[in-house]
Amino acid sequence: MANAGARLGRPAPGRCGPGSPELTTSLTLDMPDTLLTGSVRLREVSRTIPRRPAGHPPVVLTIAGSDPSGGAGIQADLKTFAALDAYGCAVLTALTAQATTGVTGVHAVPAGFVREQVETLVADVSINAVKIGMLGSPQTIDVVAQALESLKTPHLVLDPVLICKGQEPGHALDTDRALRDELLPLATFTTPNH
């Protein structure tokens, strides 16, 4: 694993970067008319991403909760990234006890450990885009916002879970305010859902 970065989509130094010939052309990905990502249905979406050298797919980071049934959260995000020929990475913010019929429990990952996951990953892997899902708390939102400001990714999709099952109403409002104040200004595309 000495050269894991190269295998994870990081091009060799000097081979690909802002202004390099490889990044001046674009590749348009047309997604199916109805693609279910979490609980958000995207219709007629077409995105343009920078062309990467052969063998170097774009690297997309999802920062979200887990859905053991595979229908939402990081599991759905990683499947979507793979279907679009992108290399997916994930930072976990919450574990859920969940099936296709509903959520019975949520265990939040401490904000400090979310920070550690992001810092460890970006120290090794060049991230081309970030997709944010369930963050769950103002503390986690603050950690993620700080990480994104230093990462300076050109593409940020904010697809937040605005209300978590079992959340106290006051906590949900604090989370909503933090999302609006700290992450919404950084987003290039937003898909709010419940």
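The values are calculated or read from the model by the stated rules, or taken from the named source; none is laboratory data. From a predicted model like this one, the values you see are computed outputs, not experimental measurements. When we count neighbours, we look across all protein chains shown, and the Cβ atoms used for this are built from the backbone with ideal geometry, even at glycine. Note: areas computed on protein heavy atoms with side chains; ligands, DNA, RNA excluded. Shrake-Rupley method; radii C 1.70, N 1.55, O 1.52, S 1.80 Å.
Please work out the FRET efficiency for the pair residue 69 and residue 190, using the Cβ-Cβ distance as r and a Förster radius of 35 Å; give the result to the nearest 0.05. So the FRET efficiency works out to roughly 0.90.
Stretching residue 146 away from residue 116 to a fully extended chain increases their span by 9.6 nm, per 0.36 nm per residue minus the current alpha-carbon distance. Remark on residue 91: its backbone amide H falls under 5 Å from those of 62, 63, 64, a criterion applied only to residues 5 or more positions apart or on other chains, H modelled at 1.01 Å from N.
For the stretch 130-146, putting each phi into the Karplus relation 6.51 cos²θ - 1.76 cosθ + 1.60 with θ = phi - 60° gives couplings of 10, 10, 10, x, 6, 10, x, 8, x, 5, 5, 4, 4, 4, 5, 4, 4 Hz, in residue order, rounded to whole numbers and with x for Gly and Pro.
The residues of the stretch 60-194 expose on average 48 square angstrom of accessible surface per residue, using a 1.4 Å probe on protein heavy atoms.
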